[in-house]
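So the structure is just underneath, and the comments pick up after that.
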Amino acid sequence: MTTNPKGNEETIQINVRQTEDYPVDLYYLMDLSASMLDDLNTIKELGSTLSKEMSKLTSNFQLGFGSFVEKPVSPFIKTVPDEIENPCRGFRDDCVPAFGYRHILSLTNDSERFNEIVKKQKISANIDTPEAGFDAIMQAAVCKEKIGWRNISLHLLVFVTDADSHFGMDSKLAGIVIPNDGECHLDHNNEYSMSTFLVCKHW
């Protein structure tokens, strides 16, 4: 660090410490494709565990939950009516139709509510390996009011999947060519309404 006009250098030690009780918002974004069934079963008490661990760092902690699967369009999913209704047909009877991204629980300090929401989730399925993860990340980031991100908090997004995510060019396989506009597109059901219209966002 230069400390005077002559260009002499001095080493200065600076100690930095995080503000005590700094607010933290954590959004858990989970892949709910069929291969994630075991993982879904293991996180049913996750809210309590996260709150307990985070309480060691801050008392001002909120957590939320969202999920994603795949763009619900051919060739990423099967389009036979029975397969649309239950994409796990043949090996499970309780799968839900595929969806791009679904915001399920806005940020809250109620860890028990988080646990209840997670326990109600059901898996879905698609054809190919990559998922619509990047679409989900984009929506979770830009839909600030829906998610409940606070301006004064540290934002953490936990992305949980066992597969790669689709890139922009992949969407062209389904005839989707309109560039992602980076805007929030959650409908009245808190689902990503432009999943079959906008190219997958990627970085």
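The values are calculated or read from the model by the stated rules, or taken from the named source; none is laboratory data. Fair warning: this is a prediction, and the values are worked out from it, not measured in the lab. As a convention, Cβ positions derive from the backbone with ideal geometry for all residues, glycine included, and neighbour counts pool all protein chains shown. Ligands, DNA and RNA are excluded from the accessible area calculation, which covers all protein heavy atoms including side chains. Shrake-Rupley method; radii C 1.70, N 1.55, O 1.52, S 1.80 Å.
Residues in the stretch 159-174 that are surrounded by 13 or more Cβ atoms within 10 Å (Cβ to Cβ) and either at pLDDT 95 or above or over 17 Å from Lys71 (Cβ atoms) (or both): Phe159, Val160.
Within the stretch 56-68, restricting attention to residues that are in contact (Cβ under 8 Å) with a residue 60 or more places away in the chain and not polar (S, T, N, Q), the residue that is surrounded by the most Cβ atoms within 10 Å (Cβ to Cβ) is Phe68. Taken over the stretch 17-50, the criterion of being at pLDDT 90 or above, closer than 18 Å to Ile117 by Cβ and either in a strand (DSSP E or B) or hydroxyl-bearing (Ser, Thr, Tyr) (or both) is satisfied by Asp25, Leu26, Tyr27, Tyr28, Leu29, Met30, Asp31, Thr49. Is there a residue being under 21 Å from the mean Cα position of the chain (by Cα), without any contact (Cβ under 8 Å) to a residue 12 or more places away in the chain, open to solvent by 60 Å² or more (accessible area, probe 1.4 Å) and more than 23 Å from Tyr192 (Cβ to Cβ) anywhere in the stretch 17-39? Yes - at least one qualifying residue is present in the stretch 17-39. Which numbered condition in (1) in contact with a His (Cβ under 6 Å, 6 or more places away or on another chain); (2) under 17 Å from Phe99 (Cα atoms); (3) of a type in the set (Gly, Ala, Ser) is the only one that Ala140 fails? It is condition (1) that Ala140 fails. Scanning the stretch 175-190 for residues that are crowded, with 17+ Cβ neighbours inside 10 Å and farther than 12 Å from Met138 by Cα turns up Ile176, Asn190.
Restricting attention to the stretch 98-156, the residues being under 15 Å from Lys71 (Cα atoms), at pLDDT 95 or above and either among the basic types (Lys, Arg) or surrounded by fewer than 16 Cβ atoms within 10 Å (Cβ to Cβ) (or both) number 1. Screening the candidates Lys71, Lys44, Lys78 for the property of being touching a residue at least 40 places away in the same chain (Cβ under 8 Å), in contact with a Cys (Cβ under 8 Å, 6 or more places away or on another chain) and either under 20 Å from Ser193 (Cα atoms) or open to solvent by 60 Å² or more (accessible area, probe 1.4 Å) (or both) yields one hit, Lys71. Among residues of the stretch 97-122 that are over 13 Å from Tyr28 (Cβ atoms), those with a Cβ under 7 angstrom from a residue that is among the aromatic types (Phe, Trp, Tyr), sequence gap 6+ or separate chain, pair up as Gly100/Phe68; Gly100/Tyr192; Tyr101/Phe68; Tyr101/Tyr192; Asn109/Phe61.
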